[in-house]
1. Which ones in region 58-99 are part of a loop (DSSP other than H, G, I, E, B), among the small types (G, A, S) and either in contact with a His (Cβ under 7 Å, 6 or more places away or on another chain) or surrounded by 14 or more Cβ atoms within 10 Å (Cβ to Cβ) (or both)?
2. Report, by residue number, each residue of region 32-53 that is over 12 Å from E18 (Cβ atoms) and surrounded by fewer than 17 Cβ atoms within 10 Å (Cβ to Cβ).
3. Kindly indicate whether any position in region 123-135 is under 26 Å from D8 (Cβ atoms) and either of a type in the set (G, A, S) or surrounded by 13 or more Cβ atoms within 10 Å (Cβ to Cβ) (or both).
4. Would you tally the residues in region 108-122 being more than 17 Å from the chain's Cα centre (by Cα) and buried (at least 16 other Cβ atoms within 10 Å of the Cβ)?
5. Considering only region 148-166, state which residues are among the charged types (D, E, K, R) and either in contact (Cβ under 8 Å) with a residue 60 or more places away in the chain or buried (at least 16 other Cβ atoms within 10 Å of the Cβ) (or both).
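Computed from the coordinates by the stated procedures, all read-outs in this text should not be read as laboratory data. Model, not experiment: these values are computed from the prediction. Here the Cβ positions follow ideal geometry from the backbone for every residue, glycine too, while neighbour counts run over all protein chains shown.
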Amino acid sequence: MHPATVTDEELDRACAVERTRRGGPGGQHRNKVETAVVLTHRSTGVQAEASERRSQAQNHDVARTRLRINLALEVRSERTAEDELSARWRARVRGGRIAINPEHDDFGPLLAEALDILAAHDWEAASAAEALQLTTTQLVKFLKLEPRAFAQLNAARRGLGQRPLQ
């Protein structure tokens, strides 16, 4: 199971939490109180932080969402081309299209699944899109919602002698 797909509680238990102060706008409360949150996933070392909110709880939620995306980008789970898609993925795909907002909690886990399937298909977008029940265009649009994911796809393709996607 990919670490980006676990529940909030499981992810919190798997992380070291650092609370700190950050400067910037937000008034006296933000600058005097440790509202910034840095999460470090212990087993992978992947980090994410948030400090833009005045509430530590809100910053924790934002950092957790960012951590899921960072985990999706940096950790690959072993999958085969024949592995079944998750219920989360199947619920988001209809008629070859995927509907997701990058701010939604499901975005990180879905990104992890898409990247794992791409890796299982040797970064060949057309065959991965077919396995994901998407059109190739929809897969590319989905990856472009997180520019680092799209860059990762193109870097892997270049490393395999394939042409980068636009």
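1. Of all residues in region 58-99, those part of a loop (DSSP other than H, G, I, E, B) come to 75-86, 95-96, 99.
Add one more test, that the residue is among the small types (G, A, S), and what stays is 77, 81, 86, 95-96, 99.
Across region 58-99, the qualifying residues are S77, A81, S86, G96.
2. K32, V33, R42, S43, T44, G45, E52 - these are the residues of region 32-53 that are over 12 Å from E18 (Cβ atoms) and surrounded by fewer than 17 Cβ atoms within 10 Å (Cβ to Cβ).
3. Yes, region 123-135 has at least one match.
4. First, the residues of region 108-122 that are more than 17 Å from the chain's Cα centre (by Cα): 120-122.
After this cut, where a residue has to be buried (at least 16 other Cβ atoms within 10 Å of the Cβ) as well, the list is 120-121.
So the answer is 2.
5. Filtering region 148-166 for residues among the charged types (D, E, K, R) gives 148, 157-158, 163.
Listed by number, the residues that qualify are R148, R157.
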